[in-house]
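Student: Dropping the structure in here first, questions after.
The values are calculated or read from the model by the stated rules, or taken from the named source; none is laboratory data. Here the structure is a predicted model, which is why all the values come from computation and not from measurement. Positions of Cβ are generated from backbone atoms using ideal geometry, with glycine treated the same way; all protein chains shown enter the neighbour counts.
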Amino acid sequence: MSQEPPDLEPLAEAPSDEVQRGQRERLLAAWKTPTGWRSWSAVNNTSIGRWYMMAAFCFFLFGGVLALLMRIQLAVPNNTFLSAERYNQVFTMHGTVMMFLFAIPMFEAFSIFVLPQMLGARDLPFPRLSAFGFWSYALGGTFFCASLLFNAAPRGGWFMYPPLTTRYQPGIGADFWLLGLSFIEVAAIAAAVELIVGVLKCRPPGMRLNLIPLYAWYLLVAAAMILFAFPPVIAGSLLMEVERAFDWPFFDTARGGDPLLWQHLFWLFGHPEVYVIFLPSVAIVAMIVPTVARRAIVGYSWIVLAAVGTGFLSFGLWVHHMFTTGLPGISLGLFSAASEAVAIPTGIQLFCFIATLAAGKVSRSVPMLFVFGGLASFVMGGLTGVMVALAPFDFQAHDTFFIVGHLHYVLIGGSIFPVVGGIYYFYPLFDGKLLSDKLGRATFWLMFTGFHVTFLPMHLTGLRGMPRRVFTFAPGLGFDRANLVSTVGAFILAAGVLVFVWDLLRSKKTQPTCARNPWNSGSLEWLQEMPDKPWGVRSIPEIDRRYPLWDQPNLMRDVDEGRFFLPDAEEGKRETLVTSVIDARPVQCLRVPGPSWIALYAAFFTGGAFITSTFHWWKAALASSVLALGAILYWLWTGTAIIPEKETKDVGLGVTLPLYVSGPASVGWWAMFITMLGDATAFVCLVFGYFYYWTIHQDFARAAAQGPGLLWPLLGGGALVASWALTLLARRANRRDRAALFYASMLSAVALAIAGSCALIAGPSRTGLDPTRHVYPAIVWMLVAWTVFHVGLGVVMQLYCVARRAAGRMTARHDIDAANVSLYWHFTALTAFVTVAVIAGFPRVA
Amino acid sequence: MCSPAARSRTLLAALALGAAACRGPQSALDPAGRGADRIATLFTIMAVGAAVVWLAMVALTVFAVRVHAAPRVERRTALFILGGGALVPTVVLTALLVYGLALLPELVAPAPAGSLRVAVTGEQWWWRVRYPGPDGRTVELANEVHLPLGQAADLRLDSADVIHSFWIPSLGGKLDMFPGRTSRLALWPTRAGRYRGVCAEYCGASHALMAFAVVVEPRAALDRWLAHQSEPARPPTTPLGARGAALFLADGCGACHAVRGTPAAGTLGPDLTHVGSRHGLGAATLPNDAGTFARWITHPESLKPGVHMPAFGMLPPADVRALAAYLEELQ
């Protein structure tokens, strides 16, 4: 399908002015952002990215206010500013909001905004998915924060340890956390899928993987980490919510459960989460450093290796959050060593930056100030991290204010400072203006001073014995003065944030538009024209350098004059290029959708299902789920896998590309594949739960004798595998255009899937396994329920393919639907197989 | 400009101030036990090392910014990046791991056989403390732990409800307490005195108010104290106290609290047999006096949010005074 462009040079002659004017008009018509109230139906990455960032920033301010409330309460001993329960809500919300509603969404928002620009693309591959993710996040986040106003906020800490959260905190606070956040986590995964596909498939021709901006590499690593780190906490939340709502005893020791399983699942997410926050901030640093040093980054490959290495290592460190749970010495030693090892890739990255600065001529600017201040603070956090990674020291430091100090050095130094610096740096991309240099310096010095005054004393308070998460403290134990200093510092820090907010909000109408590439950077995002040029790049360039604006002569002129790919929108459609994963050969001209309300509806109905479940309004939840499913099906039916009016299109420079591709060449196939990797991770976590109980608890193995037997699970598994085989057969029949065989096999696949699900349920139900009695029946039922739910979705997909073919929207040549549904069924068949092997097979061999 | 002598005096004063800043009944930097001592030394070494590394990194960055296109750095980038970013950290961290992990076996080893055994159960938000006696009888008290000077103590930790964490910073590291599981912690006090322990794992509303008193004393003194604690309560000697004793039973306090030697034998709340002798009330967060007893009986929620004890605000003030007097007499 793909072909080598015959001529990689831009057009030698610019098209005539008249041609250019026509091209610009057609591009503008295709990419116009709707106005008035309709502007909320926009799905383009610049609109969505902008809203997403604004929402994340609002949540940041909210989390900051919560922090100030805590600091007021802790300013003096025995303070009564906040009640104990109010304080506990506030610290729970502060941690949760900063982690889930600010740090992760901020980086995704920023990436949605800037990634297509960096890659010379016109948009991300799934604009409506971004919109869906944004609306889900905005709705879920607002709902979650509102719980504080009604005094119903969660108060179990952002880590939500059971049994405190399962049995000792009545009220719906914990449900807000479990359901509200799961909803947001799903949105975060959606954005991660989009960004991964964006980096892999939507690069400009010629930009091989070794040429992509470092930001894109970091993004790839961080998004991949989200994909594997969020599913454990989603699986854990599922278990905990089911325990709270239906009394299945996953974490109840009296019935064979184990609260430590939650800690494993939570920190399997929680530790990589730190790096998911940190890596994108380093990515910003990696973009700013070469610009201010006015030279290419030194050690590009080392940085990439180090980022990937950090990503891998970060999944092997979670136990260092559990050093005081009484683990055997050998685990303590191993996880101490692994935790120390992560300092090495971090060190490599820092030395690459220092080497770049040394080799270049450094220009002073506000973004650079934030980068320096942030890294200096981050290194301190890293060094205290080296201390607490060592189990013996952690025995003392764990759960004290020392950790509070350490983690804020890592997160504020490693993330907030680079992000604020990044906003100063990238601000011209938002509205063509620069932020104020003077206010920027004031912001920096206030934030920097306030930050250290707040958090440095906390190390001492902690080692003097002050535990974390305390709503008050007794006088005379050596905590008084240090706490007062921290409170003063917090207000200085807040003053800095306030100056920053003022700089963002102040009217810039009279301020002249700044130069197009104000920092004289070498990377592609600065091609963007401002204002009123919603198409992103005027034409999609061919790239053969890491810093094209520096190293490819006349690039900006050639792009602007439309001498590269897709300079026009002849059919009035939004189009961007899809290239191959490794070497970025153009493979498709992808049409991306324009403004639409459907993503918003789908998000609100999905949100409705989660919100009503929080209050245990099951009927409303069911109704909302059905509406959400309907909205999503309508969205898919009308907006995806559209058969184009012609097979191929001339994209310029003599290259002709197909408008419709299916299978691994298509972006949809990749999105499905990546999503299912995340989904499979959550399933693996449930299976891990099964074996965890079996390893730790004797009575689990004994309980396994009761059911679910061999017969029904085997029948069920057999039927589901047969359904999978028939789905594949149907896909093949469709490709050969044998309609009768297609319908027969797909409909038989549906029947077998339903029969298989029933048989799978019959296993535990006919052997009388009661999920509320013991953890064994509970986890067996959970695995069955997970499988049946996925088969249910699979049945909807099979019927969807049948309907698509019947409606003429899927043909032998245009078979994206069948290809993606087959891919889904590969994973579903695997899930069914593993479930049967575990619940029926394992009790036999154990 | 100050003379070298003055400068060294200032330095000494600063050091003394720093040391004083670390003192306290709950400070991990003022060790009074073997574990705490090892960890405090480890911290000092790491803190000095961290300061050196940080200064070196900042100096290097400042140099990198000041210097213009140093050709030598450019030529030897790989050496610089791998040496500074990988090699040096690997060497330093390996040394640190060898030293730090060598401490582990000692810190996690169980106490030798024959050590004094103390069972502590974390409950929302107080500590049930039991000393198994040689005759099989167990002495139960609450919120106060006495440990032998210069000997190991074998602590058996568990929880009655949520996860708590047992921590005496002056003596050693913390260990979590789980429901349905007993974990073992060995502590070796090396300095006599009174210290303070706290719950380190967030455990609900009054997590901040869950402390306990720790007394480290020679074994002989500890045995005398334990013998006293094992005795039944002495009958009250004042008329007010005697009235309180009768009210204690009449008002149903015995449903949750035990006072050995009386019919009160409840087990839900703390054993009050010698409550008047303890170093504090409300899990070592309040002074032990009649006024506090009275407030605790009438408004426990105001002293400990979320407390499971019901308020007895409806009792006539005279009854409350009598009860408080009785409890204070339970020495």
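Student: So A:SER363 clears everything in (1) outside any helix (DSSP H, G or I); (2) of a type in the set (S, T, N, Q); (3) within 7 Å of chain B (Cβ to nearest Cβ) except one condition, right? Which one?
Tutor: (3)
Student: Restricting the range A:394-422 to residues that are over 17 Å from A:LEU446 (Cα atoms) and of a type in the set (Val, Ile, Thr), which is nearest to the other protein chains (Cβ to nearest Cβ)?
Tutor: Looking at the filtered set, the residue picked out is A:THR400.
Student: While we're looking at this one, here's another question. Can you list the strands (runs of 3 or more DSSP E) found entirely within the range B:107-161 that contain at least 1 residues being over 18 Å from B:ARG194 (Cβ atoms)?
Tutor: Where strands (runs of 3 or more DSSP E) fall fully within the range B:107-161 and carry at least 1 residues being over 18 Å from B:ARG194 (Cβ atoms), they are B:116-123, B:126-132, B:138-142, B:153-159.
Student: Identify the residue in the range B:235-286 that is among the β-branched types (Val, Ile, Thr) and touching a Cys at 6+ places or on another chain (Cβ under 9 Å) and, among all such residues, is surrounded by the most Cβ atoms within 10 Å (Cβ to Cβ).
Tutor: The qualifying residue surrounded by the most Cβ atoms within 10 Å (Cβ to Cβ) is B:VAL259.
Student: Of the residues A:ALA759, A:ALA744, which is touching a helix residue (DSSP H, G or I) at 6+ places or on another chain (Cβ under 7 Å) and within 22 Å of A:LEU799 (Cβ to Cβ)?
Tutor: Going through A:ALA759, A:ALA744 in turn, just one is touching a helix residue (DSSP H, G or I) at 6+ places or on another chain (Cβ under 7 Å) and within 22 Å of A:LEU799 (Cβ to Cβ): A:ALA759.
Student: Related question: Within the range B:162-181, restricting attention to residues that are more than 8 Å from chain A (Cβ to nearest Cβ) and either at pLDDT below 95 or in a strand (DSSP E or B) (or both), which residue is surrounded by the fewest Cβ atoms within 10 Å (Cβ to Cβ)?
Tutor: Ranking the qualifying residues of the range B:162-181, first place goes to B:PHE166.
Student: Looking only at residues that are touching a residue at least 12 places away in the same chain (Cβ under 8 Å) and either among the basic types (Lys, Arg) or at the interface with chain B (Cβ under 7 Å from one of its Cβ atoms) (or both) in the range A:474-483, which one is surrounded by the fewest Cβ atoms within 10 Å (Cβ to Cβ)?
Tutor: A:LEU477
Student: Next question. Looking at (1) closer than 17 Å to A:THR165 by Cα; (2) in contact with a Phe, Trp or Tyr (Cβ under 9 Å, 6 or more places away or on another chain), which one does B:PHE178 not meet, given that it meets all the others?
Tutor: It is condition (2) that B:PHE178 fails.
Student: Restricting to the range B:193-240, count the residues that are part of a strand (DSSP E or B) and of a type outside the set (Gly, Ala, Ser).
Tutor: Total meeting the criteria: 10.
Student: Let me ask something else. Taking only pairs six or more apart or across chains, which ones have beta-carbon atoms under 6 Å, a first residue in the range B:78-93 that is within 7 Å of chain A (Cβ to nearest Cβ), and a second residue that is hydroxyl-bearing (Ser, Thr, Tyr) and part of a helix (DSSP H, G or I)?
Tutor: The qualifying pairs do not exist here.
To keep it simple, each residue is scored yes or no on (1) surrounded by fewer than 22 Cβ atoms within 10 Å (Cβ to Cβ); (2) at pLDDT below 95.
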| residue | (1), (2) |
| --- | --- |
| A:HIS264 | yes, no |
| A:TYR275 | no, yes |
| A:ILE284 | no, no |
| A:ILE288 | no, no |
| A:THR291 | no, no |
| A:ALA306 | no, no |
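Student: Which members of the range A:615-671 meet the condition of being at pLDDT 95 or above, aromatic (Phe, Trp, Tyr) and assigned to a helix (DSSP H, G or I)?
Tutor: Those that are at pLDDT 95 or above, aromatic (Phe, Trp, Tyr) and assigned to a helix (DSSP H, G or I): A:TYR634, A:TRP635, A:TRP637, A:TRP669, A:TRP670.
Student: Would you mind finding the one in A:ILE403, A:ILE354, A:ILE344 that is assigned to a helix (DSSP H, G or I), free of Cβ contacts under 8 Å to residues at least 60 places away in the same chain and surrounded by fewer than 23 Cβ atoms within 10 Å (Cβ to Cβ)?
Tutor: Result of the check over A:ILE403, A:ILE354, A:ILE344: A:ILE344.
Student: Look through A:ALA337, A:ALA293, A:ALA283 and report the one residue that is without any contact (Cβ under 8 Å) to a residue 60 or more places away in the chain and of a type in the set (A, V, I, L, M, F, W, C).
Tutor: When all the criteria are applied, what remains is A:ALA337.
Student: While we're on this one: Do you know which residues across the range B:26-60 are at the interface with another protein chain (Cβ under 10 Å from one of its Cβ atoms) and of a type in the set (S, T, N, Q)?
Tutor: B:GLN26, B:SER27, listed by residue number.
Student: Among the residues of the range B:197-223 satisfying the criterion of being among the aliphatic types (A, V, I, L, M) and at the interface with chain A (Cβ under 9 Å from one of its Cβ atoms), which is farthest from B:ALA32 (Cα to Cα)?
Tutor: The extreme case among them is B:ALA205.
Student: What are the pairs, 6+ residues apart or on separate chains, where a residue within the range B:44-58 that is closer than 16 Å to B:THR90 by Cα has its Cβ under 8 Å from a residue that is of a type in the set (Ser, Thr, Tyr) and surrounded by 12 or more Cβ atoms within 10 Å (Cβ to Cβ)?
Tutor: Pairs found: B:ALA50/A:THR384.
Student: Could you check B:ARG194 against (1) within 14 Å of another protein chain (Cβ to nearest Cβ); (2) over 22 Å from B:LEU327 (Cα atoms); (3) buried (at least 24 other Cβ atoms within 10 Å of the Cβ) and say which number it fails?
Tutor: (3)
Student: A further question on this structure: Just checking, how many residues over the range A:138-176 are more than 14 Å from chain B (Cβ to nearest Cβ), assigned to a helix (DSSP H, G or I) and of a type outside the set (A, V, I, L, M)?
Tutor: So the answer is 9.
Student: Of the residues A:SER301, A:SER331, only one is more than 30 Å from A:GLN263 (Cβ to Cβ), assigned to a helix (DSSP H, G or I), within 11 Å of chain B (Cβ to nearest Cβ) and among the small types (Gly, Ala, Ser); which?
Tutor: A:SER301
Student: Still on this structure, I have one more. With the range A:731-846 as the region, which helices (runs of 4 or more DSSP H) entirely inside it contain at least 2 residues that are more than 27 Å from the chain's Cα centre (by Cα) and farther than 23 Å from A:GLY678 by Cα?
Tutor: The qualifying helices (runs of 4 or more DSSP H) are A:739-766, A:775-806, A:842-845.
Student: Restricting attention to the range A:588-613, which residues are surrounded by 24 or more Cβ atoms within 10 Å (Cβ to Cβ) and either β-branched (Val, Ile, Thr) or in a loop (DSSP other than H, G, I, E, B) (or both)?
Tutor: Listed by number, the list holds a single entry, A:THR606.
Student: Oh, and also: Going residue by residue through the range A:698-706, is there one that turns out to be among the charged types (D, E, K, R) and modelled with pLDDT under 95?
Tutor: Yes, some residue in the range A:698-706 is among the charged types (D, E, K, R) and modelled with pLDDT under 95.
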